[in-house]
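Chemist: Quick one: the structure is below, questions incoming.
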Amino acid sequence: MPTLHAVEEQLLNSKELTALEEAYGAHNYLPLDVVIERAEGVWVYDVEGKRYLDCLAAYSAVNQGHCHPRIREALVEQAGKVTLTSRAFRNAQLPLLYKELHDLSGMEMSLLMNSGAEAVETAVKAARKWGYTKKGIPGDKAEIVVCTGNFHGRTVTAISFSSDQQYREGFGPFTPGFRQIPFGDARALRQAVGPNTCAFLCEPIQGEAGIVIPPEGFLREAAEICRENRVLLMLDEIQSGLGRTGKLFAYMYEDIQPHVLIIGKALGGGFYPISAVLASREILGVFGPGDHGSTFGGNPLACAVSRAALRVLREEKLVERSATLGEYFLDKLRGLHNPLIREVRGRGLWIGIELLVQAREYCEALKQEGVLCKETHGCIIRIAPPLVIRKDEIDWAFARIQRVLG
């Protein structure tokens, strides 16, 4: 094992860097053995200089592509002015981002956090307090309905309503107040909603579960059930939002409007963590000074980066690119002939290839071919390149996917 002094004085190769990570880092990840040193657009390069096409996009956090020059410029410019004030003071970037998020979504108010998991926690707190102060639910009795197969982060509260036993094992006791229904089952939702239900929290398309699309009309019916019962419809679009599915937000396929919208990942353009909960004044207005907060939430550096990330998304028409190129990529992948492929499904540039066998070895084989994908739930390969990908780059990736899976 190289000494710290040696690490500082020499350039290490992938094997040596991997050994350092394994020796000194917690083992809560199982990454592919590629050590990325730099990136641009849809391409990443390892420390030996080999090029790979990124088909994960940091779980949709780099929809705008790696190291986008316009977002980088905004980061550098703001870093030379002020990066952090905490929310003890106001900053010049925050109100501008508030207004842009309002114009983007139609929501009256935003509350900014850092990670997606923090935004989910914020939405849960808002829904509960709304239930007590606006709906009249008795104290500490509020319930939130969630779906099996969900992924809303790995905080204790989030895993408390997860159906994945690995996320839960060894981490109890769990936060009460949640009721699960099968994803996409409107009848079960109607039965689960009761007088103490304050919200229904759902991903419009389940990402970590393997790009699982609910039956057509499910979200419309869910919105109607929530309206009839005065229940908040809270949609987690942390991965599915900001163009990934070929719409600005995935719920737009059902022509509905949620009460609470949770976004993150691509909101920071891959440069800086920032997330947001968007809702009406009635809902987010339940928070008073001291009820909730974050030292870094809404900091000027994050806000400046986010504003640039949203401009790139809009001005480079990345949502439209996702729709067009996603359909092209999906059609090509559905043409693969392999009895081990159970299903190819997706929306926009968010595609899942479900196999009848474990997917890890195929992801490792694709890495050898120069395409980086990641398995989920054992047997599913996710395909989610940055939205700046070109048609010829899709062809390049598909030729190698065909070589491995065809």
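The values are calculated or read from the model by the stated rules, or taken from the named source; none is laboratory data. These numbers come from a predicted model, not from an experiment. Ideal geometry is used to build each Cβ from the backbone, glycine not excepted, and the neighbour counts take in all protein chains shown.
Chemist: Which numbered condition in (1) farther than 16 Å from Gly243 by Cβ; (2) not assigned by TED's automatic domain parsing to the domain that holds Pro95 is the only one that Val260 fails?
Modeler: Exception for Val260: condition (2).
Chemist: Kindly establish whether Leu84 is surrounded by fewer than 22 Cβ atoms within 10 Å (Cβ to Cβ), in contact with a Leu (Cβ under 8 Å, 6 or more places away or on another chain) and farther than 18 Å from Phe287 by Cβ. I'd like the intermediate steps shown before the answer.
Modeler: Details: surrounded by fewer than 22 Cβ atoms within 10 Å (Cβ to Cβ): yes; in contact with a Leu (Cβ under 8 Å, 6 or more places away or on another chain): yes; farther than 18 Å from Phe287 by Cβ: yes.
When the stated conditions are applied, Leu84 passes them.
Chemist: Inspect segment 273-281 for any residue being surrounded by fewer than 24 Cβ atoms within 10 Å (Cβ to Cβ), under 26 Å from Leu387 (Cβ atoms) and assigned by TED's automatic domain parsing to the domain that holds Val124 and give the result as yes or no. Walk me through it before giving the result.
Modeler: Restricting attention to segment 273-281, the residues satisfying the condition of being surrounded by fewer than 24 Cβ atoms within 10 Å (Cβ to Cβ) are 273, 280-281.
With under 26 Å from Leu387 (Cβ atoms) added as a condition, the list becomes 273.
After this cut, where a residue has to be assigned by TED's automatic domain parsing to the domain that holds Val124 as well, the list is 273.
Yes: one or more hits.
Chemist: Condition first: surrounded by fewer than 24 Cβ atoms within 10 Å (Cβ to Cβ), of a type in the set (A, V, I, L, M, F, W, C) and over 16 Å from Val145 (Cα atoms). Now tell me which residues in segment 215-255 satisfy that.
Modeler: Answer for segment 215-255, where residues must be surrounded by fewer than 24 Cβ atoms within 10 Å (Cβ to Cβ), of a type in the set (A, V, I, L, M, F, W, C) and over 16 Å from Val145 (Cα atoms): Leu248, Phe249, Met252.
Chemist: Shifting gears a bit: Output the residues belonging to segment 140-155 that are of a type in the set (A, V, I, L, M) and either in a loop (DSSP other than H, G, I, E, B) or surrounded by fewer than 21 Cβ atoms within 10 Å (Cβ to Cβ) (or both). Give the steps one after another, and end with the answer.
Modeler: Of the residues in segment 140-155, the ones of a type in the set (A, V, I, L, M) are 142, 144-146.
Selection gives Ala142 alone.
Chemist: Give the residues of segment 180-206 that are on the phi > 0 side of the Ramachandran plot and of a type in the set (Val, Ile, Thr), sorted by residue number.
Modeler: none
Chemist: Let me spell it out: the conditions are (1) farther than 21 Å from Leu267 by Cβ; (2) assigned by TED's automatic domain parsing to the domain that holds Ile383; (3) out of contact with any Phe, Trp or Tyr (no Cβ under 6 Å at 6 or more places or on another chain), and Ala57 meets all of them except one. Which number is the exception?
Modeler: (1)
Chemist: Between a first residue in segment 304-330 that is at pLDDT 95 or above and a second residue that is of a type in the set (S, T, N, Q), which pairs have beta carbons less than 6 Å apart while being 6 or more apart in sequence or on different chains?
Modeler: Pairs that qualify, where the first residue is at pLDDT 95 or above and the partner is of a type in the set (S, T, N, Q), are Ala304/Gln78; Ala304/Gln93; Ala309/Gln64; Val312/Gln64.
Chemist: Select from segment 40-65 the residues that are surrounded by fewer than 19 Cβ atoms within 10 Å (Cβ to Cβ) and among the aliphatic types (A, V, I, L, M) and list them in ascending order.
Modeler: Val47, Ala58
Chemist: Any residue in segment 183-202 that is assigned by TED's automatic domain parsing to the domain that holds Ser163 sitting within a Cβ distance under 7 Å of a residue that is basic (Lys, Arg) and modelled with pLDDT of 95 or more? List the pairs, counting only those 6 or more apart or interchain.
Modeler: Ala192/Arg179; Asn196/Lys141; Cys198/Arg128; Cys198/Lys135
Chemist: Shifting gears a bit: Tell me, which residue of segment 45-75 that is assigned to a helix (DSSP H, G or I) and either among the basic types (Lys, Arg) or more than 25 Å from the chain's Cα centre (by Cα) (or both) is farthest from Val319 (Cα to Cα)? Explain how you work it out, then say what you get.
Modeler: Taking segment 45-75 and keeping what is assigned to a helix (DSSP H, G or I), we get 57-60, 69-75.
If we keep only those that are either among the basic types (Lys, Arg) or more than 25 Å from the chain's Cα centre (by Cα) (or both) as well, we get 70, 72.
Details: Arg70: 18, Arg72: 21 Å.
Once the filter is applied, the top-ranked residue is Arg72.
So that you can scan it fast, the table gives a plain yes or no per residue for (1) under 26 Å from Ile137 (Cβ atoms); (2) part of a strand (DSSP E or B); (3) at pLDDT below 95:
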residue: Phe171; (1), (2), (3): no, no, no
residue: Gly194; (1), (2), (3): yes, no, no
residue: Ala199; (1), (2), (3): yes, yes, no
residue: Thr245; (1), (2), (3): no, no, no
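Chemist: Could you tell me how many of the residues in segment 331-353 are within 21 Å of Leu366 (Cα to Cα), within 19 Å of the chain's Cα centre (by Cα) and either at pLDDT below 95 or not in a strand (DSSP E or B) (or both)? First the steps, then the outcome.
Modeler: Our first condition is that a residue be within 21 Å of Leu366 (Cα to Cα); within segment 331-353, this holds for 331-346, 349-353.
Going one step further and asking which of them are within 19 Å of the chain's Cα centre (by Cα), we end up with 345-346, 349-353.
Those still in the list that are either at pLDDT below 95 or not in a strand (DSSP E or B) (or both) too: 349.
Counting residues in segment 331-353 that are within 21 Å of Leu366 (Cα to Cα), within 19 Å of the chain's Cα centre (by Cα) and either at pLDDT below 95 or not in a strand (DSSP E or B) (or both) gives 1.
Chemist: Right, next: Only residues that are outside any loop (DSSP other than H, G, I, E, B) and in the same structural domain as Ile394 (by TED's automatic domain parsing): list them for segment 10-44, please.
Modeler: Let us first name the residues in segment 10-44 that are outside any loop (DSSP other than H, G, I, E, B), namely 14-24, 36-41, 43-44.
Listed by number, the residues that qualify are Ile36, Glu37, Arg38, Ala39, Glu40, Gly41, Trp43, Val44.
Results for (1) β-branched (Val, Ile, Thr); (2) surrounded by 21 or more Cβ atoms within 10 Å (Cβ to Cβ); (3) under 28 Å from Ile71 (Cβ atoms), shown as yes or no for each residue.
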| residue | (1), (2), (3) |
| --- | --- |
| Leu284 | no, yes, yes |
| Pro289 | no, no, no |
| Gly293 | no, no, yes |
| Glu316 | no, no, yes |
| Trp350 | no, yes, yes |
| Leu356 | no, no, no |
| Ala359 | no, yes, no |
| His377 | no, no, no |
| Asp392 | no, no, yes |
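Chemist: Restricting to segment 201-221, what's the tally of residues that are in contact with a helix residue (DSSP H, G or I) (Cβ under 7 Å, 6 or more places away or on another chain), of a type in the set (A, V, I, L, M) and in a loop (DSSP other than H, G, I, E, B)?
Modeler: 1
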